[in-house]
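Okay, structure first, notes after.
Read-outs throughout are calculated quantities, based only on the coordinates presented, and are distinct from any laboratory measurement. No experiment lies behind these values; they were computed from the predicted model shown. Reconstructed Cβ throughout: ideal geometry from the backbone, glycine too, with neighbour counts over all protein chains shown.
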Amino acid sequence: MHTPKIDTKFEYPPIPLRCFDWAATYADYTYDEGGVPVGRGATEAEAIADLLESFPPDEMFEQEYSKRHGGPWDRGSADSYYGRPRVPHYWTGGTGKGQRIDAAGMSSAEIAAYYAGYDDNEASGDKKDWG
């Protein structure tokens, strides 16, 4: 996952405590209902550390996966669609073309992409109508 850009700002709020002088936010991030996650601290570094601890980037930003035909995400999605079990794999040259790579030959990122494709299709409820 890429490291998101973080914006910081010295705010110096009108309160006697100095532990909230700095604010850190992820650039270009807002919640669906508005607002932004904010880290606070007495220093810029403390505000960034608070943001990263309170709102970890891997939980705040969706991973983008390649959806190429035959790739891990595509195969996971297809397995879910057709009601097949979760068996990580992909094809090097498109579905049914090139070499089939099974879980033993896949990287952890490729396996994660397969499961993401499977889970995305499960969440959508899109299933083959066999009848």
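What the table below lists for this structure:
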{"read-out": "Whole-number Å³ per residue for the convex hull built on Cα positions in the chain", "value": "136 Å³"}
{"read-out": "Range in the chain, longest, excluding exposed GluC sites (Glu not before Pro) [loop by DSSP; at most 15 other beta-carbon atoms within 10 Å]", "value": "65-131"}
{"read-out": "The chain: Lys pairs at Cα distance under 26 angstrom, eight or more positions apart or on different chains", "value": "6"}
{"read-out": "Under 10 Å, Cβ to Cβ, from Ala47 - net charge with Lys/Arg +1 and Asp/Glu -1", "value": "-3"}
{"read-out": "Label-point separation, Thr92 to Glu44 (7 Å along Cα→Cβ), nm", "value": "4.8 nm"}
{"read-out": "Axial C-alpha extent at least 18 Å, average Kyte-Doolittle at least -1.0 - helices from the chain (DSSP)", "value": "108-124"}
{"read-out": "Reciprocal of mean inverse Cα separation for the range 72-124 (Kirkwood radius, Å)", "value": "10.7 Å"}
{"read-out": "Dipole of the chain [Lys/Arg +1, Asp/Glu -1 at C-beta], most positive-end residue of Gln63, Gly93, Leu51", "value": "Gly93"}
